[in-house]
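Report on one structure; see the data block that follows.
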Amino acid sequence: VITLARLVADGNTQKLGIDFERVFATVVKTLTIRLVLAIAAKEDYNLTSIDIRQAYLQAELREDLYMRMPPGLPSNNGELVCKLRRSLYGLKQAGREWALLFSQYLVGWGMEQSGIDSCLYTYHGKWGKKLLVLIYVDDALIVDNCSALRDRFVTDLSKRFPTEDKGALYWILNTRITRDRSALSLDISQELYVNDLLQK
């Protein structure tokens, strides 16, 4: 029998100013999502999504952090401690370190970060080609008017981070997306969310 487990840090023991400085996670504004969806519907842009797997494990740590090893490992009559070189889920700064790393990658790829919503990135290529990326922690909504440009971006991204291409956008943040591209219309519904509330 093979048992899989994820090593998670006990962030509750971290102390501000010693083990971490700032806490932040990238969450695109709902208003930005609605605005971009409206533009995509009107201009008949493609809507797709991706997911970065194990996102918080990708960033290197800036602080010197040490962690007790989980119980059950051989200890030679002493307590095992390890120095963390990469971020772990559970660390206070994990979300911020991932956000900084991902932002650095996107800007390096040629995108511009919005000054209004820091989770919106835009790319303007030759001949009017456009690519917009909206970040929600480790998920991204991609809006484009050129499938080849979008495929190149996802291919490049997959070489750097473990990426799952989810294809056409049907759901975002528990909101269902229904499109009629021939009519240039798009409907959003929170029926699932409402039903969950009613059941509770």
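The values are calculated or read from the model by the stated rules, or taken from the named source; none is laboratory data. Note that this is a predicted model, so its numbers are computed, not measured. Note: ideal-geometry Cβ built from the backbone for every residue, glycine included; neighbour counts use all protein chains shown. To get the accessible areas, we keep the full protein, side chains included, count just its heavy atoms, and leave off ligands, DNA and RNA. Shrake-Rupley method; radii C 1.70, N 1.55, O 1.52, S 1.80 Å.
Has segment 19-37 got at least one residue that is farther than 23 Å from D139 by Cβ and part of a helix (DSSP H, G or I)?
Looking for residues that are farther than 23 Å from D139 by Cβ and part of a helix (DSSP H, G or I), one finds none in segment 19-37, hence no.
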Residue that is surrounded by the fewest Cβ atoms within 10 Å (Cβ to Cβ) [pool: residues in segment 79-115 that are basic (K, R), within 18 Å of the chain's Cα centre (by Cα) and outside any loop (DSSP other than H, G, I, E, B)]: R86
Filter result for T122 (open to solvent by 20 Å² or more (accessible area, probe 1.4 Å), modelled with pLDDT of 95 or more, part of a strand (DSSP E or B) and among the hydroxyl-bearing types (S, T, Y)): yes
Long-range neighbours under 7 Å by Cβ, at least six apart or interchain, first residue more than 25 Å from L57 (Cβ to Cβ) and acidic (D, E) within segment 131-153, second open to solvent by 20 Å² or more (accessible area, probe 1.4 Å) and assigned to a strand (DSSP E or B): D144/N46; D144/K130
Segment 38-78 - residue that is of a type in the set (K, R) and under 30 Å from T178 (Cα atoms) and, of those, least open to solvent (accessible area, probe 1.4 Å): R53
Breaking point among (1) touching a helix residue (DSSP H, G or I) at 6+ places or on another chain (Cβ under 9 Å); (2) within 30 Å of D19 (Cβ to Cβ); (3) not hydroxyl-bearing (S, T, Y), for R85: (1)
The listed residue being among the small types (G, A, S), over 16 Å from the mean Cα position of the chain (by Cα) and part of a loop (DSSP other than H, G, I, E, B), out of A9, A40: A9
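Consider G128 carefully, then state whether it is open to solvent by 10 Å² or more (accessible area, probe 1.4 Å) and either of a type in the set (S, T, N, Q) or at positive phi (or both).
Criteria met by G128.
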Residue list for segment 169-187, filter: open to solvent by less than 70 Å² (accessible area, probe 1.4 Å) and among the aliphatic types (A, V, I, L, M): L169, I172, I177, A183, L186
